Amino acid sequence: MLILLADDERLIRLGLQSMIEELYPGQHTFLHARNGGEVVQILRMQTPDIVFLDVKMPLMNGLEALRQCRSISDSTVWIILSGYADFEYARQALSLSAFDYILKPVELETLQKLFERIKIKREQNRQKGNAVFSHSVTCSFNMADQFSPEETDFQPADSSDYILYQFYIDIFNRDTQKKIKQQLCDNLQKFCTRNVSILKHCLFFNTDGNLCLVCDAPDASRLTHFISMQSEELPPNAFSVFWGNRKTIREIYDVSQRISRIADIRMIRNCSEPMFIKNMEALPGLSAQLSFAGTLTSILNLYCSQNQSALRQEISDMKQNHDFIRAFSLSDTNVLQNYLSGIFDRPIYIQTFEDLTDLLEQCGYAINDSATTASVNDITMIKNYICENYSHDVSMSHVSEKFNVSPTYLSKLFHEKTGQKYIDFVTQVRMEEAKKILKNNPAVSVRQAAESVGYSSVRHFSKTFQKYKQSLGLHDRTL
């Protein structure tokens, strides 16, 4: 930590530094100030973690310096020093948000207990600040997905060193996928909590069901290395991950959207280590490879939904597309084989484009025509589940896991069968219930209504409810 020692007596400053170094050798950096004016000047240029501030100093005393510095740094811990056991000094210091007031000469035991309390307080403040950050980022992403980035007030609004990692779980067995998600989330959460270089972090599943990690970290090299190591500790080919860094949460959201647009590339390229979005976008022949991967994704979704006629047509179109032959030649066949093995739940061996199309045709012919209604039944079950559980977690990630399908498949199948986005249906169910609650219970507060239909953010609920009313031409209640 950076510690500022402010006292007009040099020997007192050096004595304090010596005791702190004795207690915590090599752990802290020190600055010195001879009066309150120097304290103010230092605070305008740097942000000390702790300031030991003498009350009686020339030019400007400690209390006046504290008054001027409160608005400069709200994260600094202030300790008032005095040789006078005067309660008035203590009262004024505490009213100015000083952490503590101690008398000189300071004893080693007193200093040690003080630092133990400071450590606990800083950790509490960090947890509280991180909770606010996490809630703000999650709400910002959800609102941008539901409305548009232009209509979203992204929070936090200040600029900083933000970085996003976006994960795609590529294991299709339900139980294994759940274990991987849990282990990955636990490992990332522990690392971010313990690593002091990560100022704040937010771990959440976006509306597409993909795991996202947003960090405020000036140097994320250790985190990037840690994520790389996860690919070795978890089962082979368990996940793919992309990352990007920007200065605002609004720009970080844009990075997430850019990653979503190229994520299908993981079917034909190894992305088990963090792949930088700018490098991926600069890949030669990216457009053709994404088109090929996108078509392959569509074919696999049709296979999963048991749509035999559409599947055969899609495969026929693929075979006649010469650009796809070129895109296949640029693919990593080992990655593609592993991906398809997960889909078809058996070992797959592919060397040529013809091998791929032959495999897909064989799988298409193996579909039982009587099973083509399964996808419609699945959607009915999913819609019923949402209607019964709208006040709980009905995120894409949770529901896709419950029904043993991938988030991508659920999203596309839901839109195909209902003509409605998954998130729009969830919103519709929740808003209709909110209308009933507000109409039938005039005494219910907006917060109570929001919580009863599954919203933790009143701001998010209010904006969603107003827009939903407008879309229906309703004006029976103004929030």
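The values are calculated or read from the model by the stated rules, or taken from the named source; none is laboratory data. Predicted model only: the values in this text are computed from it and were never measured. Here the Cβ positions follow ideal geometry from the backbone for every residue, glycine too, while neighbour counts run over all protein chains shown. Surface areas here come from the heavy atoms of the whole protein model, side chains and all, with no ligands, DNA or RNA. Shrake-Rupley method; radii C 1.70, N 1.55, O 1.52, S 1.80 Å.
Quickly run through region 421-454 and pick out the residues that are more than 21 Å from Ser411 (Cα to Cα) and in contact with a helix residue (DSSP H, G or I) (Cβ under 7 Å, 6 or more places away or on another chain). Those that are more than 21 Å from Ser411 (Cα to Cα) and in contact with a helix residue (DSSP H, G or I) (Cβ under 7 Å, 6 or more places away or on another chain): Ala434, Ile437, Leu438, Val444, Val446, Arg447, Ala449, Ala450, Ser452, Val453.
Do we have Met229 as in a helix (DSSP H, G or I), hydrophobic (A, V, I, L, M, F, W, C) and at pLDDT 95 or above here? Taking the combined requirement at face value, the residue does not satisfy it.
Test of understanding: among Leu66, Leu31, which residue is at pLDDT below 90 and either open to solvent by less than 10 Å² (accessible area, probe 1.4 Å) or part of a strand (DSSP E or B) (or both)? Explain how you work it out, then say what you get.
Working: Leu31 fails: at pLDDT below 90.
One residue alone meets the criteria, Leu66.
Go through region 1-28 and give me each residue that's surrounded by 19 or more Cβ atoms within 10 Å (Cβ to Cβ), of a type in the set (Asp, Glu) and farther than 15 Å from Leu66 by Cα. Result: no residue meets the conditions.
May I ask you to verify whether Gln92 is surrounded by fewer than 12 Cβ atoms within 10 Å (Cβ to Cβ) and part of a helix (DSSP H, G or I)?
Numbers: surrounded by fewer than 12 Cβ atoms within 10 Å (Cβ to Cβ): no; part of a helix (DSSP H, G or I): yes.
No.
Picking from residues in region 198-217 that are open to solvent by 40 Å² or more (accessible area, probe 1.4 Å) and farther than 28 Å from Ser400 by Cα, the one that is farthest from the chain's Cα centre (by Cα) is Leu199.
Residue by residue through region 273-296, note down the ones that are over 30 Å from Ser159 (Cα atoms), open to solvent by 10 Å² or more (accessible area, probe 1.4 Å) and not hydrophobic (A, V, I, L, M, F, W, C). Let's see the steps before the verdict.
Applying the first criterion (over 30 Å from Ser159 (Cα atoms)) to region 273-296 yields 284-296.
Adding the requirement that they be open to solvent by 10 Å² or more (accessible area, probe 1.4 Å) leaves 284-288, 290-291, 294-295.
Matches in region 273-296: Pro284, Gly285, Ser287, Ser291, Gly294, Thr295.
Closer than 17 Å to Leu300 by Cα and surrounded by fewer than 17 Cβ atoms within 10 Å (Cβ to Cβ): does that describe Tyr365? Answer is yes for this residue. Just a yes or no: is a residue in region 150-169 open to solvent by less than 40 Å² (accessible area, probe 1.4 Å), of a type in the set (Ser, Thr, Tyr) and assigned to a helix (DSSP H, G or I)? Within region 150-169, not a single residue is open to solvent by less than 40 Å² (accessible area, probe 1.4 Å), of a type in the set (Ser, Thr, Tyr) and assigned to a helix (DSSP H, G or I). Against the conditions (1) exposed (fewer than 15 other Cβ atoms within 10 Å of the Cβ); (2) part of a helix (DSSP H, G or I); (3) of a type in the set (Asp, Glu), Glu433 satisfies every one except (1).
To keep it simple, each residue is scored yes or no on (1) closer than 20 Å to Gln92 by Cβ; (2) aliphatic (A, V, I, L, M).
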| site | (1), (2) |
| --- | --- |
| Glu38 | no, no |
| Gly62 | yes, no |
| Leu66 | yes, yes |
| Cys69 | yes, no |
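The combined condition, being more than 23 Å from the chain's Cα centre (by Cα) and among the hydroxyl-bearing types (Ser, Thr, Tyr), is not fulfilled by Tyr455.
For region 218-249, filtering for residues that are surrounded by fewer than 21 Cβ atoms within 10 Å (Cβ to Cβ), more than 19 Å from Arg269 (Cα to Cα) and not β-branched (Val, Ile, Thr) leaves 10.
Here's the yes/no breakdown for (1) modelled with pLDDT of 90 or more; (2) loosely packed, with under 15 Cβ neighbours inside 10 Å; (3) part of a helix (DSSP H, G or I):
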residue	(1), (2), (3)
Thr380	no, yes, yes
Val399	no, no, yes
Asn404	no, yes, no
Thr408	no, no, yes
Lys417	no, no, yes
Gln428	yes, no, yes
Leu438	no, no, yes
Ala443	no, yes, no
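So is Tyr385 in a helix (DSSP H, G or I) and closer than 18 Å to Met431 by Cα or not? Yes, satisfied.
To keep it simple, each residue is scored yes or no on (1) closer than 30 Å to Asp175 by Cα; (2) free of Cβ contacts under 8 Å to residues at least 60 places away in the same chain.
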residue	(1), (2)
Ile382	yes, yes
Pro407	yes, no
Thr418	yes, yes
Ser456	yes, no
Arg459	no, no
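Just a yes or no: is a residue in region 250-259 under 30 Å from Tyr162 (Cβ atoms), outside any helix (DSSP H, G or I), open to solvent by less than 20 Å² (accessible area, probe 1.4 Å) and touching a strand residue (DSSP E or B) at 6+ places or on another chain (Cβ under 8 Å)? Within region 250-259, not a single residue is under 30 Å from Tyr162 (Cβ atoms), outside any helix (DSSP H, G or I), open to solvent by less than 20 Å² (accessible area, probe 1.4 Å) and touching a strand residue (DSSP E or B) at 6+ places or on another chain (Cβ under 8 Å).
Can you say whether Tyr349 is assigned to a loop (DSSP other than H, G, I, E, B), over 24 Å from the mean Cα position of the chain (by Cα) and not β-branched (Val, Ile, Thr), as far as the supplied structure shows? Yes, satisfied.
Kindly evaluate Ile180 against the criterion of being touching a Pro at 6+ places or on another chain (Cβ under 6 Å) and assigned to a helix (DSSP H, G or I). Don't jump to the end; show me each part of the working.
Numbers: touching a Pro at 6+ places or on another chain (Cβ under 6 Å): no; assigned to a helix (DSSP H, G or I): yes.
No, not satisfied.
So that you can scan it fast, the table gives a plain yes or no per residue for (1) under 17 Å from Ser395 (Cα atoms); (2) of a type in the set (Gly, Ala, Ser); (3) more than 17 Å from the chain's Cα centre (by Cα); (4) modelled with pLDDT of 90 or more:
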site	(1), (2), (3), (4)
Arg122	no, no, yes, no
Lys128	no, no, no, yes
Val137	yes, no, no, yes
Met143	yes, no, no, yes
Ser148	no, yes, yes, no
Glu151	no, no, yes, no
Ser159	no, yes, no, yes
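Of all residues in region 317-333, those satisfying the criterion of being surrounded by fewer than 17 Cβ atoms within 10 Å (Cβ to Cβ) and not in a helix (DSSP H, G or I) are Gln320, Asn321, Leu330, Asp332.
Taken together, the criteria place Ile386 among residues that are aliphatic (A, V, I, L, M), farther than 25 Å from Ala238 by Cβ and either open to solvent by less than 50 Å² (accessible area, probe 1.4 Å) or in contact (Cβ under 8 Å) with a residue 12 or more places away in the chain (or both).
Identify the single condition in (1) surrounded by fewer than 16 Cβ atoms within 10 Å (Cβ to Cβ); (2) part of a helix (DSSP H, G or I); (3) modelled with pLDDT under 95 that Gln189 does not satisfy, given that it satisfies every other one. With respect to (1) surrounded by fewer than 16 Cβ atoms within 10 Å (Cβ to Cβ); (2) part of a helix (DSSP H, G or I); (3) modelled with pLDDT under 95, Gln189 is out only on (3).
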